[in-house]
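The values are calculated or read from the model by the stated rules, or taken from the named source; none is laboratory data. This one's a predicted model, so the numbers in the text were calculated from it and none came from an experiment. Here the Cβ positions follow ideal geometry from the backbone for every residue, glycine too, while neighbour counts run over all protein chains shown. The accessibility values were calculated without ligands, DNA or RNA, using every heavy atom of the protein model including side chains. Shrake-Rupley method; radii C 1.70, N 1.55, O 1.52, S 1.80 Å.
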Amino acid sequence: MSSLPPPPAISSEPLSNSENQHSDIIQQLLDGNGTWDRRLIDWSNWFNPILVKETRQALKSRQFVWTFGLLVIVVLSWSLLCILGTIPNIYYASDGRVLLSGYLIILVVPAFIIIPQSAFRSMSSELDDGTFETLSLSMLKPRHILFGKLNVASLQLIIYMSVVAPCIALTYLLRGITLELILFDFLVVTLTTLSLSVVAIALASFSRSRVLQVLFSVVLIGLQLIVIFPVTSTLIALTFSGLSGSASAGNSIAWTTLAVVGASAILYSWLLFSCAASIIGLSSENKSTPIRIPLLVIGILIPIVGLLMTGYFRPDNDGRALVQSMTIILTFLAAHWAFAGSLMVGERGFISLRAKRTLPTGFVSRLFTTWLIPGPGTGYVFALLSFFGGLISITAYMVLAQNTSEFLLEFLWYAIAIMAYLALYLGLGRLLSMLFLSKMQTGRIVATFALIIVMNILAVVISCSLSLFMNGYLRMDYDWYCFINPWWTLGEAYPASYLRGRTTPEIAISVLCLCAIPITLLNVLLSAKDIVIQRMETPSRVLEERAKIQGKTSPDFPAEDVAIDPLQ
């Protein structure tokens, strides 16, 4: 048996420069002190910690594993079944549309159903398990928590799309569809999924009890069922017919519609996130201003987008069609501010010390931003002024347009009626809330909103009953005493309409204005207590603590003595 060769002797000579550099690189990789390691660590700090936590939990959950596995199996099964079923026609026929429609139906199930439900359960579990209180005491702001939940939904959508995307690329090779159509379908699915996820996160933030969680979960399921069928049907119809058929103008119409719907979804998602952040935030925060800013932006964009779309889809100068378009835009604007105003007039008139530190100080800033501070009085005036500004812009466009002079007077009567109804019912809602709901600490906004709805229902019942009584219970004819019914009056006052009744509503609108003016003046006078509130300066102690949080430690206050008061 031959003996093994002796091991090589270890040289005591110093390592060469190349060997030293190689060992340094290996040590840096082991220690994580390399240049790229430090860059990756710095970049990872920008990620939302909620995204990291939720992603780890979601990827390890059985729900994600089963959904991902079933999605892969169903996609492969549909691909093989469709391809084998079309042989030998696959060599010369355009069969990509059938295959793409199947992939869209498969993708819709996890995108429209599973992802929003996962977002809802994730946000609800934070409230049930008590971990939300820990997150509230951390440095994370409410919007960071909400965006972290939305980022998790976006990541799940990307993972599910990555399964279907290679197979959808196969449909392009089978002919019959275009890359533009594939991109359009992906954008529609992404926009719908993220919108439903935003609604799910917002509903979960509103559900502070078990009963509300069950109620809002049912609402979310109903909304998903309402959305999934029309959106899926539209995608399949576009798959077989194309975006435009044969005319290039159809492409621009489809993309314009998607742009308008997408912008609306983004704006209202911003509004929902602001409402959800105010719910889960500290009770001493100024919760009204972050909500009224998106309301104002949406109210400004409704007439602007409406006028642009009117000029795009109706380039002709048909006066009747133009007036009807302007009336529809005005109606949408009124619905927006009626809903927002019904919630704002139910706010409590209490402003915390912390909220008073954010109030404007200068004359110009107080003139334009006073209506953004909390309070039912400022909310009432804010809704009326915002709607009036949109009304002025639409009326100015009507005056400058051609062939609209014969319908301008009818449009003005319709606009005056809407303005009067907003002032009347929002004012009555605020006054009744002050009289009967002043002692309510929670639920006052919802109760005021329900009170305004009840007033509208009573107005319809009383006006219809009174009309039947005045006509001997034979028919219902509109007359001046029906001015309390907003729906009937606006239907009669609709400009350039072929449905005008036998009587004109001008007298009823005049009586309506006589009733709305004193209600408006009374509410404006009662709003004085919300307007005269002065700003309070931030104490120096709080400023020092904020400076320490930002890394600017003062020598007078050592870092170990910092104690943050969440109510400051």
Quiz item: Is it fair to say MET344 is modelled with pLDDT under 90 and either farther than 25 Å from PHE407 by Cα or crowded, with 19+ Cβ neighbours inside 10 Å (or both)?
Solution: yes
Quiz item: Restricting the first residue to the range 187-216 and requiring it to be more than 20 Å from ALA263 (Cβ to Cβ), which pairs with a second residue that is in a loop (DSSP other than H, G, I, E, B) meet a Cβ separation below 6 Å and a spacing of at least six or different chains?
Solution: GLN213/SER207; PHE216/SER207
Practice problem: Being open to solvent by 30 Å² or more (accessible area, probe 1.4 Å) and aliphatic (A, V, I, L, M) is the filter here, so list the residues in the range 260-278 that pass it. | Solution: VAL260, VAL261, ALA263, ILE266, LEU267, LEU272
Quiz item: Out of curiosity, is ILE373 crowded, with 17+ Cβ neighbours inside 10 Å and more than 15 Å from PHE339 (Cα to Cα)?
Solution: yes
Quiz item: Are there any pairs with C-beta distances below 8 angstrom linking a residue in the range 504-525 that is in contact (Cβ under 8 Å) with a residue 24 or more places away in the chain to a residue that is polar (S, T, N, Q) and part of a helix (DSSP H, G or I), with the two at least 6 apart or on different chains, and if so which?
Solution: PRO505/THR489; ALA508/THR489; ILE509/THR489; LEU512/THR489
Quiz item: Could we say that LEU400 is open to solvent by 70 Å² or more (accessible area, probe 1.4 Å) and over 33 Å from the mean Cα position of the chain (by Cα) here?
Solution: yes
Exercise. Could you check the range 443-535 for helices (runs of 4 or more DSSP H) lying wholly inside it with 3 or more residues that are polar (S, T, N, Q) and at pLDDT 85 or above?
Key: 444-470, 506-526
Self-check item: Identity of the residue in the range 403-435, modelled with pLDDT under 90 and open to solvent by less than 30 Å² (accessible area, probe 1.4 Å), that ends up nearest to the chain's Cα centre (by Cα)
Solution: SER433
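Yes/no per residue for (1) aromatic (Phe, Trp, Tyr); (2) assigned to a helix (DSSP H, G or I); (3) modelled with pLDDT of 85 or more:
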| position | (1), (2), (3) |
| --- | --- |
| GLY102 | no, yes, yes |
| VAL109 | no, yes, yes |
| ILE114 | no, yes, yes |
| PHE120 | yes, yes, yes |
| SER136 | no, yes, no |
| HIS144 | no, yes, no |
| TYR172 | yes, yes, no |
Practice problem: State whether the residues of the range 383-401 include one that is touching a Leu at 6+ places or on another chain (Cβ under 7 Å), within 14 Å of GLY346 (Cα to Cα) and not in a loop (DSSP other than H, G, I, E, B). | Solution: yes
Exercise. Please work out if ILE158 is closer than 25 Å to LEU76 by Cβ and either at pLDDT below 85 or open to solvent by 40 Å² or more (accessible area, probe 1.4 Å) (or both).
Key: yes
Quiz item: Yes or no: LEU183 open to solvent by 10 Å² or more (accessible area, probe 1.4 Å), closer than 30 Å to LEU267 by Cβ and either at pLDDT 90 or above or not in a helix (DSSP H, G or I) (or both)?
Solution: no
Quiz item: If only one of LEU282, LEU301, LEU271, LEU296 is more than 30 Å from MET455 (Cβ to Cβ) and either modelled with pLDDT of 85 or more or not in a helix (DSSP H, G or I) (or both), which one is it?
Solution: LEU282
Quiz item: Are any of the residues in the range 194-211 part of a helix (DSSP H, G or I), among the β-branched types (Val, Ile, Thr) and more than 18 Å from the chain's Cα centre (by Cα)?
Solution: yes
Quiz item: If you take the residues of the range 36-77 that are modelled with pLDDT of 85 or more and among the β-branched types (Val, Ile, Thr), which of them is least open to solvent (accessible area, probe 1.4 Å)?
Solution: VAL75
